[in-house]
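The values are calculated or read from the model by the stated rules, or taken from the named source; none is laboratory data. None of these values were measured; they are calculated from a predicted model. Positions of Cβ are backbone-derived with ideal geometry, glycine not excepted, and every protein chain shown enters the neighbour counts.
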Amino acid sequence: MSDPTTLHQPGLDARVLVKIGLAIIVCLAAVLGVSVAAIFGQIGNARVEVGSVWTGLSAINDRLGRIEKTVDETRATLDRLARNEQRNEQRTGSVTPNVIAGFYVTAQEAEFIREFLKIPPKNATATAKMALWIRAPAQATKPLPDGVVGKLEKLKGLRYAVDANYVIALIEPSTNIVIALI
């Protein structure tokens, strides 16, 4: 066996423990240094990204400012045009007549047609049997009388039909499409 005094030397164990402790501290310091360097690297990258975002936001803000300016200028132009149009209408009266039955017949013309054809007023509460832009059966249409066409030249060549609710449909003869309802 060996000598018990050589196996356990108190000074030797303390020196070994101090060396191990110092090695651990050096390793921890190295790990801490690398971690701090990585964090500062990330902070540097974040600064670059924040700068890039600020540049992008600045460009967006400039563009938004130009868009708002264009919208404001367009609104001002539209307001000015509307005021000019109102002034012109006040000087000359209404440019467009009171049009009913789609785009084609005024209220006075519709009343004349209804009286000439001796059709009673339409039933306002019933649902319509005809609609604009549908094809009417050719056998259900009649030519407008010469007395109506003579007074309203724009109706020349058109045909008409009357539904059960006394709605008068003006029909384009080549296609039999309803172009106006009175």
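Numbers at a glance
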quantity	calculated
The stretch 164-182: number of residues that are in contact (Cβ under 8 Å) with a residue 40 or more places away in the chain and farther than 15 Å from Ile119 by Cβ	5
One residue from Glu109, Glu68 being modelled with pLDDT of 90 or more, of a type in the set (D, E, K, R) and touching a helix residue (DSSP H, G or I) at 6+ places or on another chain (Cβ under 9 Å)	Glu109
In the stretch 139-163, the residues that are more than 12 Å from Ile119 (Cβ to Cβ), among the aliphatic types (A, V, I, L, M) and within 42 Å of the chain's Cα centre (by Cα)	Leu155, Leu158
Conditions (1) over 16 Å from Ala164 (Cβ atoms); (2) in contact (Cβ under 8 Å) with a residue 12 or more places away in the chain; (3) not small (Gly, Ala, Ser): number failed by Gln139	(2)
Test: residue in the stretch 159-169 that is under 18 Å from Thr106 (Cβ atoms), in the same structural domain as Glu109 (by TED's automatic domain parsing) and not in a strand (DSSP E or B)	yes
